[in-house]
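Every number here is computed from the coordinates shown, using simple stated rules; none is lab data. Values in this document were obtained by computation on a predicted structure and should not be read as measured data. In this analysis, Cβ positions are derived from the backbone assuming ideal geometry, glycine residues included, and neighbour counts consider all displayed protein chains.
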Amino acid sequence: MKTLRLLHECSRQTLFSSISRALASAATSTQLHKLHSLIITLGLHHSVVFSAKLIAKYAHFRDPTSSFSVFRLASPSNNVYLWNSIIRALTHNGLFSEALSLYSETQRIRLQPDTYTFPSVINACAGLLDFEMAKSVHDRVWEMGFSSDLYIGNALIDMYCRFNDLDKARKVFEEMPLRDVVSWNSLISGYNANGYWNEALEIYYRFRNLGVVPDSYTMSSVLRACGGLGSVEEGDIIHGLIEKIGIKTDVIVSNGLLSMYCKFNGLVDGRRIFDKMVLRDAVSWNTMICGYSQVGLYEESIKLFMEMVNQFKPDLLTITSILQACGHLGDLEFGKYVHDYMITSGYECDITASNILINMYAKCGNLLASQEVFSGMKCKDSVSWNSMINVYIQNGSFDEAMKLFKMMKTDVKPDSVTYVMLLSMSTQLGDLDLGKELHCDLAKMGFNSNIVVSNTLVDMYAKCGEMGDSLKVFENMKARDIITWNTIIASCVHSEDCNLGLRMISRMRTEGVTPDMATMLSILPVCSLLAAKRQGKEIHGCIFKLGLESDVPVGNVLIEVYSKCGSLRNSFQVFKLMKTKDVVTWTALISACGMYGEGKKAVRSFGEMEAAGIVPDHVAFVAIIFACSHSGLVEEGLNYFHRMKKDYKIEPRIEHYACVVDLLSRSGLLDKAEDFILSMPLKPDSSIWGALLSACRMSGDTEIAERVSERIIELNPDDTGYYVLVSNVYAALGKWDQVRSIRKSIKTRGLKKDPGCSWMEIQNKVYVFGTGTKFFEQFEEVNKLLGILAGLMAKEGYIANLQFVLHDIDEDEKRDILCGHSERLAIAFGLLNTKPGTPLQVMKNLRVCEDCHTVTKYISKIVQRELLVRDANRFHVFKDGACSCGDYW
DNA sequence: CTAGGGTTAG
């Protein structure tokens, strides 16, 4: 070695300076070790200057063990210079607690620290998030009168920023008598780290106004703030300044530019910057690779990775980004390859990387590999546990998830994410008890104020049927976001409190939250449920304003809303305006036609859909057969039923069979329907027999009706509607014992009857008529009017359908009758409160009964009005004594 | 003082 030879020739003086220079320029750790041995051989290892340089240099090569042995060997006892060096070296290598314990040792041996001691100690406090130590160190800085030191001040700003205590950081900053560019940069990056983009920019502009030239760190932080704000104009201005200062080629700056433009417009500008970069480092590659991953262009990110491998060694972050891409692509093969690469690169112990591996393997469907990674981890954090718990939940292994949760508690503290996942699991399971237990648990841990947790709680309570508790959590929230509102609105819909849902929408607006697509999609079904055309239109307007009208799911729901609100015309309008239509769009239109008895239009639409190359699914076939059935198109309906299997290889499901039974029996082909049922390959359920039974009732075929009734009772259905149907059959036959036993079994099984009700909207107000609502306004007048109408109807030839005049009835049934007639109350009320000649629109939650159907026909003729009645299934337009359904319903 | 990575809710 040339240097060595030279050294021997030199005087002691030149020897010292030569070693100093050699130490400063040592480029590898091997060179450093050689120099170290030389220093020992020459007996210079007690030299404070060389020891300090060695300590720093070893730290530079990430070899804190050697730093430490140099420190011990130098027997430093009371030399603060060496203590500063070692504390600094340890901090530099992330050994914060070791650094702090050495600092404590200086106090024990009563060694006076100097201004050079504190910056590293403060950095160590920041690294450990040790608030207590931080306080005592800061106090000491005050006591020793170091608080105006520039470097200490800078370190303090950084520390408080890392503690997320921006106020304290700001205070230190404002009180500094002298600041340098690092002070400004630290504060700006502190605001950045906490997402306070505007504050970061504000500090930057204050800095600029002083006329100081920012450096590459400043610009990098400012670019990040622009990216965070999504402010393209601001970003372009900064970009211009960077060009002007001439630091565009600086790696830090160009990486900042790259990262900012990657956030703006789907990577187009980002890629351009990347391709033009003169100097790229690992961060540049990683930014681009992650950028692709983040927008879902996983293939692109892997392609770039392959390109990178040839010229640059991927680091831990590259590897983790690629592992995520593998997970999203489900590419197990490549994932395993990258995993091996990660191990050989020595990154196996990185917790984050292992967490990503757990996820990657799970996404690729290899649960075993996930478990292996998890159990092989020497050190787990809460994300590790959460990830594994989530794997089990996604896999449906709920017991395993709970077991792991219990184990987790013995290792690390569960965090808010843990509770969010487990709560959503209990929602899935409908397990209210578990949900409540978790709620108590998380309250104790102080996660009550976490917005995601609260959102999940709102959802959990609502879906488990506890709307009251759901609202309680909702009202107690201090801050709400768009998801909170969407969740509570969906909850209202779930608990069928439509009006509350609508009120929540307006409350949301007054609190300044703009509804989004999800809001629209959750509230629109309310409009169909309520048949609230006005609200529907209002929301439609909102959708236009928000620019969501071209969204396919929104359009699909709008078609449904308008059709259920009585406006087939509007449904067609929405349909025509939609640029993209999927099978759901067409199905919505076909169902709409079906509800209005427009069977021919439905058939035409179905043909157009096929011609447009859209492949119908099983729902589309339900819609078209339903439409045929409601228009008496028996041949066509049967044809579709056969075609779904023949042309589209769709195996008919029970609902298709039910539609066909409906189709045949509605047209009076009861025997054929019964044969069809007996020949079907699936076991007929209550929906199948129920369809036949409804038709029997209409055609008065008691023989089949009784046979079918027995079948239904055998099936023991959960839907009260079927028991009511059967009980009506027995009542009509005068078999009261059976009627009573059915009633009893409904009660013992705890089934609730759907109370029938009707409602209508007059001048933006909804009036509801139904069970127990005798005391509405104008009750007397309504009854009087109904009496008059009854007289007029009798003159026209109306005879009440005696089949439904039941004897032996209790209070319950009397009310049922009243409910059955709730649409009559609504119609009479409407007649009283609208101008002669105006059409009326009445909504009903159940199917319209035979007698009411007849009565409404008469009324439409007597009062010469168009009466539109929407029941649970479809629309009936009564006009001049006839109904649009042609008595198919 | 700098850039890039993990689990969660409607």
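Using DSSP to call loops (not H, G, I, E or B), can you name the chymotrypsin sites (Phe, Trp or Tyr not before Pro) in the stretch A:630-677 whose Cβ has at most 16 other Cβ atoms within 10 angstrom?
Values: sites: A:640, A:641, A:648, A:657, A:676; in loops: A:648.
Those satisfying the criteria are A:648.
May I ask for the distance between the Cα centers of the stretch A:827-847 and the stretch A:638-675, given as a whole number of Å?
If you average the Cα positions of each part, the centres end up 36 Å apart.
Can you give the calculated 222 nm mean residue ellipticity of chain A, where each DSSP H run of n ≥ 4 adds -39,500 (n - 2.57) and the sum is split over every residue, rounded to the nearest 500 deg cm²/dmol? Kindly include the intermediate steps, with their values, before the conclusion.
Numbers: 49 runs with 623 residues, N = 889.
When only DSSP H runs of four or more count, the value is -22000 deg cm²/dmol.
Averaging sequence separations of C-alpha pairs under 8 Å and six or more residues apart, then dividing by the length of chain A, give the relative contact order as a whole percent. Working shown, then result.
On the way: 1178 pairs, mean separation 32.8, N = 889.
Rounded, it is 4 percent for chain A.
Over the stretch A:653-753, what relative contact order in percent results from Cα pairs under 8 Å that are six or more residues apart? Write out the running numbers ahead of the final one.
On the way: 96 pairs, mean separation 21.7, N = 101.
Dividing the mean separation by the residue count of the stretch A:653-753 yields 21 percent.
Along each of its three principal axes, how wide is the spread of alpha-carbon positions in the stretch A:653-753, in whole angstrom units, largest first?
Sorted from largest, the Cα extents of the stretch A:653-753 read 33, 27, 18 Å.
Can you bin the stretch A:399-526 into rounded, prolate or oblate? Criterion: square roots of the alpha carbon gyration tensor eigenvalues sorted a ≥ b ≥ c, rounded for a/c under 1.5, prolate for a/b above b/c, oblate for the rest.
Values: a/c = 2.43, a/b = 1.85, b/c = 1.31.
Prolate, since a/c reaches 1.5 and a/b exceeds b/c.
For the stretch A:40-115 and the stretch A:353-413, what is the centre-to-centre distance using only Cα atoms, to the nearest Å?
After rounding, the separation between the Cα centres reads 41 Å.
Grab the other residues whose beta carbon is less than 14 angstrom from that of residue A:68, score K and R as +1, D and E as -1, and report the net.
Working: positive: A:57, A:62, A:72, A:88; negative: A:63, A:98, A:105.
That sum, taken over residues with Cβ under 14 Å, equals +1.
Using modelled amide H (1.01 Å from N, peptide plane; none on Pro or chain starts), what sits under 5 Å from the amide H of residue A:26, excluding residues fewer than 5 places away?
Amide H neighbours of residue A:26, under 5 Å, 5+ apart: none.
Using a/c under 1.5 as the rounded threshold, could you call the stretch A:44-135 rounded, prolate or oblate? The axes a ≥ b ≥ c are square roots of the C-alpha gyration tensor eigenvalues, and prolate needs a/b larger than b/c, oblate otherwise. Please report the intermediate quantities before stating the final value.
Values: a/c = 2.18, a/b = 1.36, b/c = 1.60.
Note, shape of the stretch A:44-135 comes out oblate.
Which links in A:672/A:857; A:135/A:409; A:436/A:463; A:564/A:672; A:363/A:406 stretch past 21 Å when you go from one Cα to the other?
On the way: A:672/A:857 30 Å; A:135/A:409 30 Å; A:436/A:463 13 Å; A:564/A:672 32 Å; A:363/A:406 24 Å.
Violating the 21 Å limit, Cα to Cα: A:672/A:857; A:135/A:409; A:564/A:672; A:363/A:406.
Counting only other residues whose beta carbon sits under 14 Å from that of residue A:509, what net charge do I get with K and R as +1, D and E as -1?
Numbers: positive: A:480, A:503, A:507, A:545; negative: A:511, A:516, A:538.
With Lys, Arg at +1 and Asp, Glu at -1, the net is +1.
Counting pairs of alpha carbon atoms under 8 Å apart in space and at least six apart in sequence, what relative contact order in percent does the stretch A:515-593 give?
On the way: 92 pairs, mean separation 24.1, N = 79.
Relative contact order comes out at 30 percent.
So which trypsin sites (Lys or Arg not before Pro) in the stretch A:48-90 pass both tests, a DSSP loop state and at most 14 other Cβ atoms within 10 Å of the Cβ? Walk me through the intermediate numbers first.
Details: sites: A:53, A:57, A:62, A:72, A:88; in loops: A:62.
The qualifying sites are A:62.
Restricting the count to DSSP beta bridges whose residues both fall in chain A, what percent are antiparallel, rounded to a multiple of 5?
Rounded to the nearest five, the antiparallel share is 80 percent.
Kindly give Rg over Rh for chain A, based on alpha-carbon atoms, with the Kirkwood expression for the hydrodynamic radius. Could you put the intermediate results ahead of the total?
Working: Rg = 38.4 Å, Rh = 34.4 Å.
That ratio is 1.12, to two decimals.
Summing +1 for each Lys or Arg and -1 for each Asp or Glu, what net charge is found among the other residues whose Cβ lies under 12 Å from the Cβ of residue A:93? Intermediate values should be presented prior to the final figure.
Details: positive: A:62, A:88; negative: A:63, A:98.
In short, 0.
Go through A:136, A:81, A:121 and say which Cα lies farthest out towards the positive end of the charge dipole of the stretch A:30-145; charges sit on Cβ, +1 for Lys and Arg, -1 for Asp and Glu.
So the residue we want is A:81.
If we restrict to alpha carbons, what Rg and Dmax does the stretch A:180-277 come to, in Å?
Computed over the Cα atoms of the stretch A:180-277, radius of gyration and Dmax are 12.4, 37 Å.
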